[in-house]
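Chemist: Have a look at the structure that comes next, please.
The values are calculated or read from the model by the stated rules, or taken from the named source; none is laboratory data. Not measured: the values here are computed from a predicted model. With ideal geometry, Cβ positions are generated from the backbone for all residues, glycine too; neighbour counts draw on all protein chains shown.
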Amino acid sequence: NLPAAEPLQGLPTLPAFAPCELQGLYAVVDSAAWVERLLAAGVRTLQLRIKRAPAVVSDAALEAELQRAVQAARAAGARLYVNDHWRLALRHGAYGVHLGQEDLQAPDLDLPALQAAGLRLGLSSHSLWELARAVALQPSYLACGPVYPTTTKAMPWRPQGAHNLAWWAGLLAPLPVVAIGGLTPERAVNAARAGAGTVAIASGLTAAADPEGAVAAYQAAWQAGRAGV
Ligand code: TZP
Ligand code: MG
C-alpha cells in the first residue's frame, strides 16, 4: 500500500478528475511548431511545456502559441496537455493540464473550474512520498520521474530507476503512470515493461538529428516493452 502522506494544504475536496487515454509515446515540447511536426509524425499525446521569463515571451505571444498548439492537436484528434498555464488551457479547450505539486499551492489555482470543464489533470511526482500526497487529489495520471538522469530540467531528486517505477505503477494501478526523465528508446523498453502507462520524452525527440525517426524508435520500443508485460 501507499504510505500515509500529509495532505496538500488548502485544497478543495473534489471528485476524481476525468480519466485519460494514455499509451505509447507522450511528447513534451516547447512550441506549437514542434506540436505540429510531431502530430505529422504520428504522435497522439503531447504536452506543451513553455517555461519562460515574461520579458522574453509576451502574454499575447504565449497565448497565440498555445492556441495554435491546441487547435493543431484537436484537428488531428490528438490529446494536448498544457503545462502550467491552466487558465489558457481552460480558455482554449485543451485536453488537459499538467501541474507540478508546487503549482497546487498557488492561491488562484481553480481546480473546480478545470474539473467542471472536463479537463484532465496530470501531476508530477519525484518520490514515493510525493506520489502518496498527489494521489489523494485523484488526478487523471501521475508522472513519476526522473526515472533516469536528465539534463532537460534541473532537479534535486535522485533518478528513481525502473525498479521504483514498477513498484509505483503497481501501487497506483489502475491510475496511469507517466514515466519521464532520461528515456532513450532502450530505456523506454524498461519503462514500458515496468508497467508505465506511457513514456514521456523531451530531448530524445527535440534534440534528435532525425525526430521522425526517433518517434518511430520510441514507438517500437514501447511495443517491445509492452509485449513483455
Ligand atoms: N520532469 C521530470 S524529468 C523531466 C521533467 C520535465 C525532463 C524530461 O526530459 P528528457 O529530455 O526526456 O529527459
Ligand atoms: Mg509547473
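Chemist: Which residues, taken from region 141-172, are farther than 15 Å from A200 by Cβ and of a type in the set (G, A, S)?
Modeler: A154, G161, A166, G170 - these are the residues of region 141-172 that are farther than 15 Å from A200 by Cβ and of a type in the set (G, A, S).
Chemist: With the requirement that a residue be farther than 22 Å from D59 by Cβ and touching a Gly at 6+ places or on another chain (Cβ under 7 Å), what does region 88-129 give you?
Modeler: Scanning region 88-129 gives R120, L121, G122, S124, H126.
Chemist: Hey, another quick one. Spot the failing condition for N190; the list is (1) out of contact with any Leu (no Cβ under 6 Å at 6 or more places or on another chain); (2) closer than 26 Å to H92 by Cα, and only one is missed.
Modeler: All conditions are met except number (2).
Chemist: So the check is Cβ under 9 Å with 6+ separation or different chains; which pairs have a first residue in region 46-57 that's closer than 25 Å to V215 by Cβ and of a type in the set (K, R) and a second one that's at pLDDT below 95 and assigned to a loop (DSSP other than H, G, I, E, B)?
Modeler: Short answer, once both residue conditions are applied: K51/K153.
Chemist: Of everything in region 127-145, what is of a type outside the set (A, V, I, L, M, F, W, C) and surrounded by fewer than 21 Cβ atoms within 10 Å (Cβ to Cβ)? Give them in sequence order. Can you show your working first?
Modeler: Taking region 127-145 first, the residues of a type outside the set (A, V, I, L, M, F, W, C) are 127, 130, 133, 138-141, 145.
Answer for region 127-145, where residues must be of a type outside the set (A, V, I, L, M, F, W, C) and surrounded by fewer than 21 Cβ atoms within 10 Å (Cβ to Cβ): S127, E130, Q138.
Chemist: Would you mind telling me which numbered condition in (1) among the hydrophobic types (A, V, I, L, M, F, W, C); (2) surrounded by fewer than 20 Cβ atoms within 10 Å (Cβ to Cβ); (3) touching an Asp or Glu at 6+ places or on another chain (Cβ under 6 Å) A72 fails?
Modeler: Single failed check for A72: (2).
Chemist: Give the residue that is nearest to V29 (Cα to Cα), with candidates limited to residues of region 136-195 that are modelled with pLDDT of 95 or more and among the basic types (K, R).
Modeler: That would be R187.
Chemist: Name the residue that is farthest from ligand 1 (Cβ to nearest atom), counting only residues in region 149-166 that are part of a helix (DSSP H, G or I) and crowded, with 16+ Cβ neighbours inside 10 Å. Even if it seems obvious, please write down each step before you answer.
Modeler: Taking region 149-166 first, the residues part of a helix (DSSP H, G or I) are 161-166.
Cutting the leftovers down to crowded, with 16+ Cβ neighbours inside 10 Å gives us 162, 164-166.
Numbers: A162: 14, N164: 14, L165: 12, A166: 18 Å.
If we take residues in region 149-166 being part of a helix (DSSP H, G or I) and crowded, with 16+ Cβ neighbours inside 10 Å, then A166 is farthest from ligand 1 (Cβ to nearest atom).
Chemist: Counting only residues that are within 12 Å of ligand 2 (Cβ to nearest atom) and without any contact (Cβ under 8 Å) to a residue 12 or more places away in the chain, which one in region 85-126 is surrounded by the most Cβ atoms within 10 Å (Cβ to Cβ)?
Modeler: The qualifying residue surrounded by the most Cβ atoms within 10 Å (Cβ to Cβ) is A106.
Chemist: Give the residues of region 202-229 that are assigned to a loop (DSSP other than H, G, I, E, B) and small (G, A, S), sorted by residue number. Outline the logic, then answer.
Modeler: Start the filter on region 202-229 by keeping residues that are assigned to a loop (DSSP other than H, G, I, E, B), which leaves 202, 207-210, 228-229.
Answer for region 202-229, where residues must be assigned to a loop (DSSP other than H, G, I, E, B) and small (G, A, S): A202, A207, A208, A209, G228.
Chemist: Of the conditions (1) under 16 Å from P139 (Cα atoms); (2) within 16 Å of ligand 1 (Cβ to nearest atom), E21 fails just one. Which one is it?
Modeler: (2)
Chemist: Turning to a different aspect of this structure: So in region 1-45, with the set limited to residues that are closer than 29 Å to A221 by Cα and charged (D, E, K, R), which one is surrounded by the fewest Cβ atoms within 10 Å (Cβ to Cβ)?
Modeler: Our first condition is that a residue be closer than 29 Å to A221 by Cα; within region 1-45, this holds for 18-45.
Going one step further and asking which of them are charged (D, E, K, R), we end up with 21, 30, 36-37, 44.
Numbers: E21: 13, D30: 17, E36: 18, R37: 19, R44: 18.
Checking each candidate, the answer is E21.
Chemist: Please go through (1) away from ligand 2 (no atom under 15 Å from the Cβ); (2) under 14 Å from the mean Cα position of the chain (by Cα); (3) assigned to a loop (DSSP other than H, G, I, E, B) for V199 and return the number of the only condition it doesn't satisfy.
Modeler: (3)
Chemist: So which residues in region 129-163 are of a type in the set (S, T, N, Q) and more than 15 Å from V177 (Cβ to Cβ), if there are any at all?
Modeler: Of everything in region 129-163, those that are of a type in the set (S, T, N, Q) and more than 15 Å from V177 (Cβ to Cβ) turn out to be T150, T151, T152.
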